[in-house]
Amino acid sequence: MATAVAPPLSRKGASPKAATADAFTVKAYTGNAKVSSPPKAGALEPRPYKPTDFRKFYDRGDFPIALEHDTKGNKIAWKVEIEKLDYHHYLPLFFDGLCETAHPYEFFARQGVHDMLEHGGKKILPVIPQLIIPIKNALNTRNVKVICTTLKILQHLVISSELVGEALVPYYRQILPILNIYKMKNLNSGDGIDYSQQKRENIGDLIQETLEAFERHGGEDAFINIKYMIPTYESCILN
Amino acid sequence: MAAVEAKPKSVRRAKYWDENVEEAYRFQLAGYRDEIEYSKFHPQEVIDRWPHNNYIKKLKRRNDGLFYYYNKERECLDKEIHKIKLYTH
């Protein structure tokens, strides 16, 4: 009976070709079905992002910066003094551009955020709640390059002004889950040279540095909140 | 008379980094020779500096008057040092 339903042999001695079926389907329970492995979850796969507001504003020429593509060194020429800018409007917009990977948007967003944090002083703290969604969006792209840039920006953000580190603690729930996913993504090159260390692109190391910066500047509640979101994190102050 | 004073006597290339080279780097990135030339173009302005190390914080660009902002710490990389000209007056 079994020989009647079996497919014909293609070659002498070859076994009959089994049909593949997804796990837990009716087909998977039939006698000669080969159950395929489950699909990849894709937790670390880059995800597409929608065109950002930053791109729209940049293309329209709404930013007070000179739109020159042959920037000397890595500087932005500002049309208006940074001290006079409305941080509630511009800082979230520049943070929004952190998702971008294409030139020149990526460069102007990164450098714009850098300049505004470096010269913002007390104007940064009140804007923190508006920065969380852009930061979360950038981390959620799961693009390693974007995450590395965002981590460096976060490190700059916590030292940009007093109390900023503490103001970020209530938002760890939004920021830290992605860091937890990538925390152990580190290169084991044996005794070889890892060039990404020099360029500060090693995501595991960057996450460790960022978490330590959060703990150092986040006040007394920082560690327990980080530990809650990232159980493998060990304190750099208590130990 | 001011124009004569502004003209430098000699010029040399920087060989290693120090605070003078950092200062010259910041001026030359904005399109000026040095502080003397900057003050000639913007006589009324006081140069904005970082309080902790006195590095230049903000300059107006020579060509278009746009603003360049500089970091708190050293910006002139080793690979840029040989491009810096140090003028003596």
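Observations
- Counting every other Cβ atom within 10 Å of each residue's Cβ, A:Met229, A:Met184 order from fewest to most as A:Met184, A:Met229.
- For the segment A:76-85, counting C-beta atoms of other chains within 10 Å of every residue's C-beta and taking the mean gives 4.
- In terms of other Cβ atoms within 10 Å, B:Arg49, A:Arg110, B:Arg26, A:Arg60 run from fewest to most in the order A:Arg60, B:Arg49, A:Arg110, B:Arg26.
- Among the chymotrypsin sites (Phe, Trp or Tyr not before Pro) within segment B:7-45, those in coil by DSSP and having at most 16 neighbouring Cβ atoms inside 10 Å are B:Tyr16, B:Trp17.
- Order of A:Asp86, A:Asp22 - criterion: other Cβ atoms within 10 Å of each residue's Cβ, fewest first: A:Asp86, A:Asp22
- Order by protection proxy (mean Cβ within 10 Å, highest first), peptides A:90-99, B:63-72: A:90-99, B:63-72
- Under 5 Å, built H, 5+ apart or other chain: amide partners of B:Arg49: B:Lys57
- Debye-formula intensities of the protein assembly as shown, expressed as log10 I(q)/I(0) at q = 0.06, 0.08, 0.10 Å⁻¹, are -0.34, -0.53, -0.73 (one equal scatterer per alpha-carbon, no solvent).
- Under 11 Å, Cβ to Cβ, from B:Glu22 - net charge with Lys/Arg +1 and Asp/Glu -1: -4
- For chain B: rounded, prolate or oblate by the Cα gyration tensor [a/c cutoff 1.5]: oblate
- For chain B, the relative contact order comes to 45 percent (Cα pairs under 8 Å, sequence separation of at least 6).
- Pairs from A:Lys84/A:Lys185; A:Lys84/A:Lys183; A:Lys79/B:Lys7; A:Lys75/B:Lys15 whose Cα-Cα separation, in the structure shown, is over 32 Å: A:Lys84/A:Lys185; A:Lys84/A:Lys183
- Evaluating 6.51 cos²θ - 1.76 cosθ + 1.60 at θ = phi - 60° for every residue in segment B:72-85, the Karplus couplings come out as 5, 9, 3, 10, 6, 6, 4, 5, 9, 4, 5, 7, 7, 9 Hz, glycine and proline recorded as x.
Quick note: the coordinates plus some simple rules give every number you see, no bench work behind them. Predicted model only: the values in this text are computed from it and were never measured. Don't worry about glycine lacking a Cβ; one is built from the backbone with ideal geometry, like all the others, and counts go over all protein chains shown.
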